[in-house]
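Notes follow the structure.
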Amino acid sequence: MRYLICIKQTPDTAELPKVKPEEAASGRLSVQLVVNPWDEHALEGGIQMMEKFGGEAGAITVGGEDAIERLRSALAMGCKDATLIKDTAADAWGVATLLAAAVRKMGNVTYVITGQMTVDGNSGTLPVALGRALGWPVLTGVARVVSADETAITVERIVGQARHTVTAPAPAVLAVVKEIGEPRYPTFINIRKAARMEIPVWTPADLGVNVPAPVVHMSDFRKPPAREARVVLFNGTPDEAAQALLDALLAEKVL
Amino acid sequence: MKTLVFIETESGAVVSSSWEALGKALSLGGEVEALVIGHQVAAVAAEAGARGATGVYLIDDPGRALFDLDLYTADVKAVLTESHADAFLASHTGNGRDLAAAVGFDLGVGVIADCLELKVVDGRLLGTRPIYSGNILVDVQVDGRPQIATLRPRAAAPAPVIGTTAPVVTMAPTAATSRVAVKAVERAEAGEISLTDASIIVSGGRGVAKDPELGFKLIRELAQVLGAAVGASRAAVDAGFIPYKYQVGQTGKVVRPDLYIACGISGAVQHLAGMGSSKIIVAINKDAEAPIFSVANYGIVGDLFEIVPALTRAARARLNR
C-alpha cells in the first residue's frame with residue numbers, strides 16, 4: 001500500500017497574530033513558517049498507518065522552493081519520500097487539480113491523507129475538492145483508522161458531536177483531526193537521512209495539467225476589530241465574587 | 001438574485017444552524033428556496049416554508065437519513081439545475097462545508113467558505129470571513145454561477161417562524177451510488193449542546209489538573225445550570241482529562257457564543273483562535289498574570305475548585321434552576 005500525505009507550509013501558531021494584512025494579501029510572510037499544525041497530525045496518521053498496515057508513506061506539498069524545508073520535516077518524522085509541486089499561483093481548486101495529477105502520475109497511491117484544514121486559509125475545502133478531482137470517496141473528520149488494506153478502509157469520524165464508524169472502498173482520501181495522534185519527534189537518524197534525500201520537483205507542465213485560473217478573489221485584507229476588553233475583576237470570598245459576576249452577566253443579558 | 005438554501009437534517013431532525021443560513025438568505029432579498037434532504041423530513045420541509053422560504057424542494061429517502069457526500073452532491077446539482085438558483089448557501093457545519101466544496105469543485109465555481117457576513121454587490125455575493133485563524137479579515141468574491149457560500153454557525157440570526165406556507169416539490173433521489181457505508185453511530189449524550197451552536201460555553205483547562213474528574217464535574221454542573229455546552233482547552237485534552245471533541249481552539253472547534261467562561265485556562269494563542277470572537281469572555285484563573293485576562297471582559301482571580309461551585313450556587317438561586 002502507498003499513503004500520500006499532503007502538507008502545507010503555514011505560519012507557526014504563535015506567529016499567526018503577527019501576520020500583517022499586506023503580507024496576507026501578497027502571500028509574502030515575514031513570520032516563522034512551519035508544517036501546518038493539522039498536517040502534522042496527518043503525517044503522524046499516515047506514518048502510523050504505514051507501521052500498522054504496511055506499505056510506504058510519502059509526503060507532498062504545493063508551494064515555492066522554500067517549502068522543501070517542510071518536506072524535510074516530513075521525512076524526519078518518518079516519511080520514505082517527498083515531492084514538491086512547484087506552484088504558488090493556484091487557489092484551492094488549483095491545488096486540488098495539481099495534487100490529483102501528481103497522484104495519477106505516481107499511479108500506486110492507495111490512500112491520500114490530509115489535515116482537516118489549514119491554519120491560514122481555514123476553509124477546510126481542499127480534501128473534498130481533491131477527492132472529487134480524483135473521483136475517490138472522501139472521509140473527513142477522521143479521528144481513528146480501525147483497519148485498512150488494498151481494498152477497503154474502516155475509520156471513526158467525528159461528525160459534529162457524534163462519532164460515526166464508516167467503511168469505504170480503496171483508494172480514498174482521508175482528512176484527519178488531531179485525535180488521530182500527536183506528531184512524533186524526528187529521530188536523529190531520520191533527520192540525517194532527510195537532509196541528504198533528493199526531493200523531486202515537479203512543475204504543472206511535468207504533470208501535464210493546466211491549472212484552472214483562480215475562481216476565488218480576496219480583497220480588503222484587514223485586522224479584525226480589537227476586543228475592547230478591559231477586564232473587570234471581582235474580589236472577596238468565592239461567594240461574593242460569584243454573586244458580583246452573576247450580576248454583571250445578567251446586566252449584559254447573556255444569561 | 002434567487003438563492004437555494006441547504007437545510008441539513010440528521011436522522012430526521014433539522015440541524016439548527018440551517019435556519020441561520022435561511023435567515024441570512026432572506027436578508028439578501030430576492031427569491032429564497034430551501035432544499036431539504038433526509039429521511040422522514042416532511043415536517044422540516046413544512047417548517048422551511050413557515051420560516052419564509054418561498055419554495056421548498058424535498059428529497060426524502062431512507063438512504064439519506066445521514067449525510068452522504070456522493071448522494072447529497074448529486075442531489076444538490078440536480079436541484080440547482082431544476083431551480084435555476086443564482087446562489088447556493090449552506091451552514092458551515094462539517095457536512096455543509098463538504099457539500100459546498102464538492103458542488104463548487106464539480107461545477108468549477110468558487111466557494112466563499114465560513115463567512116461571518118454576506119451581502120449582494122452587483123448581483124454577486126460578497127462574503128467577509130476570517131483567515132489566519134481569526135487574525136485577518138478579508139472580503140471574498142467568487143467567479144461563476146451559482147455563487148456558493150457557507151455561513152459560520154451563529155454568524156446570523158435564524159429565520160423566525162412567521163407562519164407562511166410554501167409549495168413543496170418532492171424530487172426523486174438522484175441515481176447516484178453511495179460509496180461510504182455507516183456501520184455504527186455513537187450519538188452525543190442526551191441533552192448535550194453542540195459547541196458550535198451554543199450561546200453559552202463553560203470550558204476547563206490545565207487548571208483542573210489537581211483533580212481533573214472533580215474539576216470537569218464542577219464545570220458540567222455549572223454548564224447544566226446555565227444551559228451551556230462544555231468545552232476544553234488543548235492542554236486539558238492532551239492531558240487526557242476530556243475527549244478531543246470538546247476541544248476549543250485552533251486544532252479543535254471554532255466557537256462564538258454570547259458568553260464564554262474559561263475556567264483554569266491560560267489563554268494561549270491557539271485557544272484564542274477558537275474562542276476570541278465570543279461576545280463576553282469570563283476568566284477564572286489562579287494566576288492573575290494569565291493572558292486570558294487580557295481578552296476577558298470579567299474575571300475572578302481564584303481557584304476554580306472554589307469559584308465554579310460558588311457560581312453554580314449563585315446561578316441556581318438567581319435563575320431559579
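Rule-based calculations on the coordinates, nothing more; no lab input. Since the model is a prediction, treat every value here as computed from it, not as a measurement. Counting neighbours? That spans all protein chains shown, and the Cβs are built from the backbone with ideal geometry, glycine included.
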Problem set entry | lysines whose Cα lies under 30 Å from that of A:Lys80, excluding same-chain neighbours fewer than 8 positions away | A:Lys8, A:Lys52, A:Lys105, A:Lys178, A:Lys193
Problem set entry | Quotient of C-alpha Rg and 2.2 N^0.38 Å, computed over segment B:2-170 | 0.94
Seminar exercise, completed: antiparallel share of DSSP beta bridges within segment B:98-215, to nearest 5, in %, is 75
Exercise. With each label point set 7 Å from Cα along the Cα-Cβ vector, what nm distance links A:Asp206 and A:Thr187?
Worked result: 2.9
Problem set entry | Karplus 3J(HN,Hα) series, Hz, for segment A:71-86 with 6.51 cos²θ - 1.76 cosθ + 1.60 (x for Gly, Pro) | 5, 5, 4, 5, 5, 5, 6, x, 5, 8, 8, 8, 9, 9, 9, 8
For this session: Take the alpha carbon gyration tensor of segment B:163-213, find the square roots of its eigenvalues, order them as a ≥ b ≥ c, and report rounded if a/c is under 1.5; if not, report prolate when a/b exceeds b/c, else oblate.
Result: oblate
Problem set entry | Ranked by how many other beta carbons lie within 10 Å on average, peptides A:211-222, B:17-28 from highest | B:17-28, A:211-222
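Restricting to chain B, what percent of DSSP beta bridges are antiparallel, rounded to 5?
So the antiparallel bridges in chain B amount to around 20 percent.
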For this session: Please give the peptides B:282-295, A:197-210, A:178-191 ranked by average Cβ packing (other Cβ atoms within 10 Å per residue), highest first, as a rough proxy for protection.
Result: B:282-295, A:178-191, A:197-210
Problem set entry | Size of the protein assembly as shown as Cα extents on the principal axes (Å, biggest first) | 70, 66, 46
Seminar exercise, completed: Each residue of A:36-43 has, on average, a number of other protein chain C-beta atoms within 10 Å of its C-beta equal to 1
Seminar exercise, completed: Dividing the helical contributions, -39500 (n - 2.57) per DSSP H run of n ≥ 4, by the residues of chain B yields a 222 nm value, nearest 500 deg cm²/dmol, of -9000 deg cm²/dmol
For this session: Using only C-alpha positions, report the orientation-averaged shadow area of the convex hull of segment B:55-131, nm², one decimal.
Result: 6.0
For this session: Sort all Cα-Cα distances of chain B into consecutive 10 angstrom bins from zero, then give the percent of pairs in each bin up to the one containing the longest distance.
Result: 6, 25, 29, 23, 14, 4, 0
Exercise. Can you list the trypsin sites (Lys or Arg not before Pro) in segment B:167-218 that are in a DSSP coil and have 14 or fewer other beta carbons within 10 angstrom?
Worked result: B:Arg187, B:Lys210
For this session: Rounded to the nearest 0.05, what FRET efficiency do B:Glu192 and B:Lys2 give with R0 = 35 Å and r taken as the Cβ-Cβ distance? Could you check?
Result: 0.40
Problem set entry | Theoretical gain in end-to-end length, A:Lys52 to A:Leu250 [0.36 nm per residue, Cα-Cα removed] | 65.9 nm
For this session: For the pairs A:Lys223/B:Lys217; A:Lys86/B:Lys245; A:Lys223/B:Lys24, note any where the Cα-Cα span goes beyond 27 Å.
Result: A:Lys223/B:Lys217; A:Lys86/B:Lys245
Exercise. What does segment A:65-147 give for Rg and for Dmax, in Å, if only its C-alpha atoms count?
Worked result: 13.3, 37
For this session: Provide a whole-number value for the mean count of partner chain Cβ atoms within 10 Å of the Cβ atoms in peptide A:210-222.
Result: 5
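Magnitude of the Cβ-charge dipole of chain B, K/R +1 and D/E -1, about the Cα centre, nearest 20 debye?
Working: 29 positive and 33 negative charges, 154 e Å.
Computed about the Cα centre, the dipole is about 740 debye.
Of all DSSP beta bridges in chain A, what percent run antiparallel (nearest 5)? Each step should come with its number before you reach the end.
Values: 16 of 42 bridges.
Expressed as a percentage, antiparallel bridges in chain A total about 40.
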Exercise. Can you give the helix-only mean residue ellipticity at 222 nm for chain A, where every DSSP H stretch with n ≥ 4 adds -39500 (n - 2.57) and the sum goes over all residues, rounded to the nearest 500 deg cm²/dmol?
Worked result: -10000 deg cm²/dmol
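Taking all pairs of different Cα atoms in segment B:200-319, averaging 1/r and flipping that mean, what Kirkwood radius in angstroms comes out?
Value: 13.7 Å, from the Cα pair sum.
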